[in-house]
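Student: Take this structure, written in structure tokens, and hold onto it; I'll ask about it next.
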Amino acid sequence: MNVYDSARMADVLAPLGYAQADGPEDADMVILNTCHIREKAAEKVYSELGRLRQIKEQRTEDNPEDSGPLLAVAGCVAQAEAAEMLARAPFLDIVLGPQTYHRLPEMIARAERAAKKGAGTKGRKGAGVLDTEFPDEAKFDHLPRARADAAVAGCTAFLTIQEGCDKFCTFCVVPYTRGVEFSRPGQAVLEECRALVEAGVREITLLGQNVNAYHGAAPNEGATGVAGTTWDLAELIAQLAEIDGLERVRYTTSHPRDMDLGLYAAHGNCEKLMPYLHLPAQSGSDRILAAMNRGYTAAEYQASVAQLRQVRPDIALSGDFIVGFPGESEADFEATMELVASVNYAQAYSFKYSPRPGTPAAMLEDQVPDDVRGERLQRLQALLDSQQQAFNQQMLGRRLRLLLDQPGRRPGQLVGRSPYMQAVHLDGPASMLGQMVEVEITDAHANSLAGQLIFGAQGPDLQPTAAMAPPENTIGMERII
Ligand code: SAH
Ligand code: SF4
């Protein structure tokens, strides 16, 4: 979601004359878009700020006229720690939360005025413009249309349809930093998707903290529109699948409690919906799931998986797990290992429990020692890795359709995604970027596959599209300059 938000901030800034710079050294502004979900992610912000401060000071030293780049921190760390952040980094110009980035132009105008006054002062104090409100106006209504530009969009794009969360899992900061659950109206989503497809996008990933809780206002007109009704995620996917030129639809992240019959059915009957689902379980112990306030048991999670596999037997499953939640015993952890063994994941993410300030679980007394958390994480990851390896191995010799979405590391190499979300490397000309192709899988590795193009298999949908640029800045913290 931060990748999507960063792109939308760039959309807001474009009319002011800002464009992406190569690096912070000669940029007019640097925005760190931050994540607060675990302590490690939040800490990165402060180390990065130290580096940016040096750049800012160096610029003034080299040229007394230069007040250095405006420095801004956006996102959930800013939302959660604004006051502390301004105290720790008084050289900051702007601190803004995830719900106010449509107001960036006003904030920049104020920060620029202050920066002009401080020009020539080495280590000038930042303007300290702060906006971490949850405004009444909906951010999405005040954003410019997503830029319909293939060079920006590439052939695969994110599209936020839902934000925020009302579920209050006891370990999680999201309800406090992103705010209450909100779904964008169906019409706005359709329009944004159509614009992206016109720009050359072939695959869309619908985003939300709880994307399958989506219930956006249905358009009032047309065959499907009845005033006052809403679309759920299955209905939205069915509508998006009608868009010519859109080849693939994915969605993330789903909550097991919000899987419903319509969505299971969509996995069986919507060809454009890819056979891959990220469905975080968090734990396999009912006791811990209750303490986490997840609202399902391990057996209910397994029943969801069974229903998905009934309609789509080849579906690749992914998940999130937290080990060492307060009070987790060896037996609780074993229950997680059993759940993983029974589900058999194609890939999954697992984390050591990280106490987050202000969340109920952080206040619990029976915190699990770090060495125990670390040891459990290793055991879980070994099991998940072996499942991923086995999943990849069974692709050997199979033919898969790929969307070629990135150049590879070496010249002449391309990378595409399989329907199951695996990265597949192959040799091919850069002019094929953005195309759907068919490959035969020749090698399977722990985290990726290698394949060979099958020539002559091009169907009517394998026409070249405009040259696609790879998505930029996709590592960790986003830096839009
Ligand atoms: N809404 C999604 C998850 C969003 S947060 C869901 O409910 O499943 C992404 C992932 O970060 C979570 O699934 C969880 O595994 C992890 N996570 C969140 N808070 C955490 C914490 N305090 N410590 C460790 N991992 C955490
Ligand atoms: Fe956090 Fe997901 Fe739970 Fe919401 S449902 S509180 S986003 S873990």
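The values are calculated or read from the model by the stated rules, or taken from the named source; none is laboratory data. For clarity, every value in this text was computed on a predicted model and none was experimentally measured. No Cβ is skipped: glycine too gets one built from the backbone with ideal geometry, and neighbour counts run over all protein chains shown.
Student: Condition test on Ala74, is it closer than 30 Å to Thr359 by Cα and part of a helix (DSSP H, G or I)?
Tutor: It is false that Ala74 is closer than 30 Å to Thr359 by Cα and part of a helix (DSSP H, G or I).
Student: Of these, Ala217, Ala281, which one is in contact with a Ser or Thr (Cβ under 9 Å, 6 or more places away or on another chain), small (Gly, Ala, Ser), within 16 Å of ligand 2 (Cβ to nearest atom) and within 23 Å of Met1 (Cβ to Cβ)?
Tutor: Ala281
Student: Tell me which of these Cys193 doesn't satisfy, since it passes every other one: (1) in contact (Cβ under 8 Å) with a residue 40 or more places away in the chain; (2) within 16 Å of ligand 2 (Cβ to nearest atom); (3) within 19 Å of the chain's Cα centre (by Cα).
Tutor: Unmet for Cys193, out of (1) in contact (Cβ under 8 Å) with a residue 40 or more places away in the chain; (2) within 16 Å of ligand 2 (Cβ to nearest atom); (3) within 19 Å of the chain's Cα centre (by Cα): (2).
Student: Okay, moving on. Is it the case that Gly186 is away from ligand 2 (no atom under 16 Å from the Cβ), touching a helix residue (DSSP H, G or I) at 6+ places or on another chain (Cβ under 9 Å) and of a type in the set (Gly, Ala, Ser)?
Tutor: yes
Student: Looking at the stretch 223-293, what helices (runs of 4 or more DSSP H) fall wholly within it and have at least 3 residues that are within 16 Å of ligand 1 (Cβ to nearest atom) and among the hydrophobic types (A, V, I, L, M, F, W, C)?
Tutor: 286-291
Student: Moving to a separate point now. Among (1) surrounded by 13 or more Cβ atoms within 10 Å (Cβ to Cβ); (2) within 16 Å of ligand 2 (Cβ to nearest atom); (3) of a type outside the set (Asp, Glu); (4) in a loop (DSSP other than H, G, I, E, B), there is one condition Gln367 misses while meeting the rest; what is its number?
Tutor: (2)
Student: Quick test for you: out of Val180, Val173, Val211, pick the one residue that is in the same structural domain as Arg309 (by TED's automatic domain parsing), aliphatic (A, V, I, L, M), touching a His at 6+ places or on another chain (Cβ under 7 Å) and within 16 Å of ligand 2 (Cβ to nearest atom).
Tutor: Val173
Student: Among the residues of the stretch 19-31, is any under 26 Å from the mean Cα position of the chain (by Cα), aliphatic (A, V, I, L, M), in a helix (DSSP H, G or I) and at pLDDT below 95?
Tutor: no
Student: Tell me, which residue of the stretch 167-190 that is in a loop (DSSP other than H, G, I, E, B) and farther than 26 Å from Ser354 by Cβ is nearest to ligand 1 (Cβ to nearest atom)?
Tutor: Looking at the filtered set, the residue picked out is Arg184.
Student: I've got another one for you. Every residue in the stretch 298-322 that is surrounded by 15 or more Cβ atoms within 10 Å (Cβ to Cβ) and within 16 Å of ligand 2 (Cβ to nearest atom), please.
Tutor: Across the stretch 298-322, the qualifying residues are Glu300, Tyr301, Ser304, Ser318, Gly319, Phe321, Ile322.
Student: Among the residues of the stretch 339-356, how many are within 16 Å of ligand 2 (Cβ to nearest atom) and over 18 Å from Asn293 (Cβ atoms)?
Tutor: Residues meeting the conditions: 4.
Student: Taking the stretch 386-439 as the search range and keeping residues that are surrounded by 15 or more Cβ atoms within 10 Å (Cβ to Cβ) and of a type in the set (Asp, Glu), which one is nearest to Ala450 (Cα to Cα)?
Tutor: Glu438
Student: Failed condition for Thr34, given (1) under 30 Å from Ser350 (Cα atoms); (2) β-branched (Val, Ile, Thr); (3) more than 21 Å from the chain's Cα centre (by Cα), with all others met?
Tutor: Unmet condition: (3).
Student: Taking Ala299 as the residue in question, decide whether it is in a helix (DSSP H, G or I), more than 12 Å from ligand 1 (Cβ to nearest atom) and in contact with a Leu (Cβ under 6 Å, 6 or more places away or on another chain).
Tutor: Spelling it out, it is not the case that Ala299 is in a helix (DSSP H, G or I), more than 12 Å from ligand 1 (Cβ to nearest atom) and in contact with a Leu (Cβ under 6 Å, 6 or more places away or on another chain).
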